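Chemist: The structure under discussion is supplied below as structure tokens; questions concerning it will follow.
The values are calculated or read from the model by the stated rules, or taken from the named source; none is laboratory data. What you are looking at is a predicted structure, and each value in this text was computed from that prediction instead of being measured. Note: ideal-geometry Cβ built from the backbone for every residue, glycine included; neighbour counts use all protein chains shown. Just the protein is used for accessible areas: all its heavy atoms, side chains included, with ligands, DNA and RNA removed. Shrake-Rupley method; radii C 1.70, N 1.55, O 1.52, S 1.80 Å.
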Amino acid sequence: MPMLKVSHITKTFGGLKALDDLSFSVEKGEIYSVIGPNGAGKSTLFNCINSIYTPENGTISYKGEEITNLSSNGVASLGIARTFQNIELFSRLTTMENLMLGRHLHMKTGLLASASMWWRGSKAAQEEIKHREKVEEIIDILDLQAYRDKFVSQLPYGIQKMVELGRALCMEPDLLLLDEPAAGLNNEEREDLIFWIRDIRDEFGITVVMIEHNMQMVVDISDRILVINFGKKLAEGLPEEVINHQEVINAYLGQP
Amino acid sequence: MTGQLIISGLTIGSIYAMLALAMSIIYKASEIPNFAQGDMGMISTYIAYMILVVHGWPFWMAFAGAMIFAVILGFLFEFLFIRRAKEPNILNLIIVTLGFQLFLYGMTGWRWGSDQRRLGMPFSETDTINVGGVVISHLGVATILTSIIIMVMLWFFLSRTKLGLAMKAVQQNPMAAEINGIPKDRILGISFAISSVIGAMAGMMIAPITTLDPNMMWDPLMKGFAAAVLGGMTSLPGAIIGGYLLGIIENLFGFYVSLEFKSVVAFLIIVLVLVFKPAGILGHHYVRKV
């Protein structure tokens, strides 16, 4: 059973077909990249998976269960995490608070339980300690120690991207959607990111679907690549197959 | 004399602060100024009146009953009306709150009539304490203390509980909150319930000062709204400071300048704030990247 299966989805905005009868599936444990020129419908695809948009036609299923008509938080509760092209953090909260919010689904939020927090042996305090340990683990992995108590709006762009990645990992997802994770990063940060994405898959067993423009990075770490243009599938396959595909070259460089 | 005016202003300012707080909580979460806020508190106060005066049960039961009613009313308002709005924009939702306000107003008139009633409180409005020449009634002390207790509880809730953190997340970025599995609608419902309770507290504290009748919340609500604008609409400490400040300014103005125009000060302040500092004293406007 594929981890994620997208079947014949169509999404239009006015007269524009952002996604046009698009189908593909992602297997468990893959790093699967989606590439295509600007405006090809890549982010729309992620927004459909996350139920921010509902496609007019077609279905999306996750671990064999249809998720097309769930709410966004319903999709999240099944174990799908996401980062965004234009960083969507809670900008007036600290790094720690942002990461703790990533744990929200794993927390019990009872008010009475919170009121017993002052007693360290209490259930609520024990739970809090457990969640903080998980958050500390993510902080260690992503090297965010120095930014723990800083408001995220004050952090440099590259660090904000890492905090967003950290928040997604705090959800302990089975499927992680990364929307242009390397955009705006310098070379060093990008090297780190490549290393971490591999780690995320190998150590945590998280399946990764990634939208990315940096071809070198895509070819480096992807198991398979999907190319879309005008919302349609142009090509799909192993990295070396895809980059030598004539239609792909045409789409990117223009037809001779 | 000025000291006395400031203390009396602080008493009425506490009520403005509570209503401003209630409106700011909803505004932060949804960008809706909830014009039904006052009458939601008014009808909860009527529930307290029913339990206390009509049934003759003790005050604590009336208080608890009114608060439970306020929680249910807040949840129901969000669940039945706000959530049902299809592809809502802010203007539509404001109209929904105005409609709900008219509905509650009409219901109250139908059920209890427009007679002015008296809500007996365990705090006397005539017995006073005298601190260094400044006189304040027991009810005044209770009102100021109530507003402070609400603030402390709200601060604890927002800064020390997971639900409070989730509420801040929804306020700052609803879409990202949902992607992290935080149910936006339920959090908004909780916001409405909390502000409904705060509004009901304000209603219960103001009913003994004025009288209990269907119109009693209209003026305080407008003042509370003015206080929230003064504070910046998006800042809870701003709403509190705005409320106290408005109560004091209004009282000083009434004594030193013109008693007839006392009520107009609130609206003068709205205009001045919008002209000179649109973000309010503590507000900050979110600027969204496009």
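Chemist: Over chain A, with a Gaussian network built from C-alpha contacts below 10 Å, which listed residue (A:GLY41, A:GLY74, A:GLY14) shows the highest mean-square fluctuation?
Modeler: Among A:GLY41, A:GLY74, A:GLY14, the largest GNM mean-square fluctuation belongs to A:GLY14.
Chemist: If you average over every viewing direction, what projected area does the convex hull of the Cα atoms of segment B:1-86 give, in nm²? Write out the running numbers ahead of the final one.
Modeler: Values: hull surface 30.8 nm².
Directional mean of the projected Cα hull area for segment B:1-86 stands at 7.7 nm².
Chemist: Given the protein assembly as shown, what percent of its DSSP beta bridges are antiparallel, to the nearest 5? Before the final figure, lay out each step's value.
Modeler: Working: 25 of 42 bridges.
Of all bridge pairs located within the protein assembly as shown, approximately 60 percent are antiparallel.
Chemist: Counting only protein heavy atoms, what percent of the accessible surface of segment B:2-276 is carbon or sulfur at a 1.4 Å probe?
Modeler: Result for segment B:2-276: 71 percent of the exposed heavy-atom area is carbon or sulfur.
Chemist: How much net charge surrounds B:THR108 when only the other residues with a Cβ under 12 Å from the Cβ of B:THR108 are counted, with Lys and Arg +1 and Asp and Glu -1?
Modeler: -1
Chemist: With every protein chain present, what accessible area does B:PHE225 have (1.4 Å probe, heavy atoms only), rounded to the nearest 10 Å²?
Modeler: 40
Chemist: Which residue, B:GLY120, B:LEU104, B:ALA207, has the largest displacement toward the positive end of the dipole of segment B:2-276 when charges sit on each Cβ (Lys, Arg +1; Asp, Glu -1)?
Modeler: It is B:LEU104, whose Cα lies furthest towards the positive end.
Chemist: What figure in square angstrom, to the nearest 10, would you give for the accessible area of B:PHE103 with a 1.4 Å probe?
Modeler: That residue has around 110 Å² of solvent-accessible surface.
Chemist: Could you calculate the contour length gain from B:PHE261 to B:ASN130, that is, 0.36 nm times the residue separation minus the distance between their Cα atoms, to one decimal place in nm?
Modeler: Working: separation 131, 0.36 × 131 = 47.16 nm, distance 2.93 nm.
The B:PHE261-B:ASN130 span can extend by a further 44.2 nm.
Chemist: Which value results when the Cα radius of gyration for segment B:113-267 is divided by 2.2 N^0.38 Å?
Modeler: On the way: Rg = 18.4 Å, N = 155, 2.2 N^0.38 = 15.0 Å.
For segment B:113-267, the normalised Cα radius of gyration comes out at 1.23.
Chemist: Just the accessible area per residue of chain A, please: how many Å² with a 1.4 Å probe?
Modeler: Computed with neighbouring chains in place, this is 45 Å² per residue.
Chemist: Could you list, bin by bin from short to long, the percent of Cα-Cα pairs of the protein assembly as shown in 10 Å steps?
Modeler: Histogram of Cα-Cα distances, whole percents per bin: 4, 16, 23, 21, 16, 11, 6, 3, 1, 0.
Chemist: Over the C-alpha atoms of segment B:2-276, what are the Rg and the largest Cα-to-Cα span, Dmax, in Å?
Modeler: 18.4, 58
Chemist: Using just the helices of chain A, give the 222 nm mean residue ellipticity in deg cm²/dmol: DSSP H runs with n ≥ 4 each add -39,500 (n - 2.57), and the total is spread over all residues, rounded to 500. Walk me through the numbers before you get to the answer.
Modeler: Details: 10 runs with 98 residues, N = 256.
That calculation yields -11000 deg cm²/dmol at 222 nm.
Chemist: Hey, quick one: spin label on A:THR59, modelled 7 Å out along Cα-Cβ, who in segment A:1-45 has an amide N within reach, i.e. under 13 Å?
Modeler: Under cut-off, by backbone N: A:5-9.
Chemist: Could you report the buried accessible area between B and A, both sides summed, computed with a 1.4 Å probe and given in Å² to the nearest 100? Show your work: numbers first, answer last.
Modeler: Values: alone 14290 and 12740 Å², together 24610 Å².
Chains B and A together bury roughly 2400 Å² of accessible area.
Chemist: Also, quick follow-up: Roughly how far apart, in whole Å, are the Cα centres of segment B:185-227 and segment B:125-168?
Modeler: Answer, in whole Å: 15.
Chemist: Compute the Cα gyration tensor for segment B:54-192, then decide on rounded, prolate or oblate, letting a ≥ b ≥ c be the square roots of its eigenvalues: rounded whenever a/c is under 1.5, prolate when a/b is larger than b/c in the other cases, and oblate in all that remain.
Modeler: Values: a/c = 2.49, a/b = 1.45, b/c = 1.72.
Verdict is oblate for segment B:54-192.
Chemist: Okay, moving on. Between A:LYS108 and B:ILE94, what's the calculated FRET efficiency when r is the beta-carbon distance and R0 is 35 Å? Round to 0.05. Don't skip to the answer; put the middle values down first.
Modeler: Working: r = 35 Å, r/R0 = 1.01.
Plugging the Cβ-Cβ distance into 1/(1 + (r/R0)^6) gives 0.50.
Chemist: Treating the beta-carbon of each Lys and Arg as +1 and of each Asp and Glu as -1, no other charges, what is the dipole magnitude of the protein assembly as shown about its Cα centre, to the nearest 20 debye? Intermediate results must be reported in sequence, preceding the final value.
Modeler: Numbers: 42 positive and 49 negative charges, 319 e Å.
It works out to roughly 1540 debye.
Chemist: Sum -39500 (n - 2.57) across every DSSP H segment of at least 4 residues in chain B, then divide by the residue count to get the 222 nm mean residue ellipticity, nearest 500. The partial results should precede the final answer.
Modeler: Numbers: 11 runs with 194 residues, N = 290.
Per the formula, -22500 deg cm²/dmol.
Chemist: With a 10 Å cut-off between alpha carbons and a GNM built on chain B, which of B:ILE179, B:ILE148, B:ILE241 moves the most?
Modeler: Evaluated over chain B, the most mobile residue of the options is B:ILE179.
Chemist: Ok, one more. Is segment A:139-201 best put as rounded, prolate or oblate by its Cα gyration tensor, with a ≥ b ≥ c the root eigenvalues, rounded for a/c under 1.5, and otherwise prolate when a/b is larger than b/c, oblate when not? Don't skip to the answer; put the middle values down first.
Modeler: Details: a/c = 1.58, a/b = 1.18, b/c = 1.34.
Verdict is oblate for segment A:139-201.
Chemist: Dipole of chain A, Cα-centred, from +1 at each Lys and Arg C-beta and -1 at each Asp and Glu C-beta, to the nearest 20 debye? Please list the in-between numbers first.
Modeler: Details: 25 positive and 36 negative charges, 189 e Å.
For this selection, approximately 900 debye.
Chemist: Which of B:GLY238, B:GLY99, B:GLY140 moves most in a GNM of chain B, Cα contacts under 10 Å?
Modeler: So, out of B:GLY238, B:GLY99, B:GLY140, the one fluctuating most is B:GLY99.
Chemist: Can you give the Rg/Rh ratio of segment B:188-290, where Rg is from the C-alpha atoms and Rh is the Kirkwood radius?
Modeler: 1.02
Chemist: I need the semi-axes of the equivalent ellipsoid of chain A: take the C-alpha gyration tensor, multiply each eigenvalue by 5, square-root it, list largest first in whole angstrom. Walk me through the numbers before you get to the answer.
Modeler: Details: eigenvalues 234, 89, 50 Å².
Largest first, chain A gives 34, 21, 16 Å.
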